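Okay, structure first, notes after.
Each reported figure results from applying straightforward, stated rules to the coordinates on display, with no laboratory input. Note that the structure is a prediction, hence the values are computed from the model and not measured. Cβ sites come from the backbone with ideal geometry, for glycine too, and all protein chains shown count toward neighbours.
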């Protein structure tokens, strides 16, 4: 998967290495289908594939509605970013809106045996390096601690919730987003971190 703007640069003769850039501020999201191994054990292979395809197809539609880019899917994990390759001051807000939409849409889904489908989402804001990697199957990749931290936010989160870092929350607190402190917790590879739950958007009060 390569962003349109980057693909155009490649078509115009740039080498893949020339697409590599540093970005001071982006927001990265990881979303994972919870207890996917148990789901696979319970369903037939075709039913499990249909389920994950349904979730990721839904996520694809959500990303199309916001200024975010789908980076990749690996197994039952979906990754997206805003702020790269197009630098945007509202990167955290774009990803937050996408995340809330993802949770809302998946909450309506059930598996073929009637069980609810649950996802767990994590978000973090910070710097990354990004560019096209590979010759046979080139794709746009993100590198840096921001990616690792976003993945940790997801893995230390809870089903049906959006777990965000303090840096991400600072971007959102001046807007109409509702969050609550989760408190300080030990994050693998990061030590103690103050994290938050993203709950939603403030409803406009009618005049």
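Summary of values
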read-out: Likely footprinting exposure, 38, 72, fewest C-beta neighbours within 10 Å first; value: 38, 72
read-out: Dmax and Rg, reported as Rg then Dmax, of segment 1-152 (C-alpha, Å); value: 16.4, 51
read-out: Footprinting exposure proxy for 71, 34 (fewest neighbouring C-beta atoms within 10 Å first); value: 34, 71
read-out: Estimated [θ] at 222 nm from DSSP helical runs (n ≥ 4, -39500 (n - 2.57)) normalised by residues in the chain, nearest 500; value: -10500 deg cm²/dmol
read-out: Ordering of 136-146, 157-167 by burial proxy (mean other Cβ atoms within 10 Å per residue, highest first); value: 157-167, 136-146
read-out: Gained length - residue 10 relative to residue 110, 0.36 nm times residue gap less alpha-carbon distance; value: 31.9 nm
read-out: Contour excess over end-to-end distance, with Cα ends at residue 145 and residue 194 and 0.36 nm allotted per residue; value: 16.0 nm
read-out: Packing rank of 128-134, 173-179, where each peptide gets the mean count of other beta carbons within 10 Å, highest leading; value: 128-134, 173-179
read-out: Fewest-first sequence of 60, 90 by Cβ atoms within 10 Å of each Cβ; value: 60, 90
read-out: Cα pair distances exceeding 23 angstrom across segment 87-199, given as percent; value: 37 percent
read-out: Alpha carbon centroid spacing (whole Å) that separates segment 43-112 from segment 136-207; value: 15 Å
read-out: Nearest-0.05 FRET efficiency for residue 47 and residue 180, computed from C-beta distance (R0 35 Å); value: 0.45
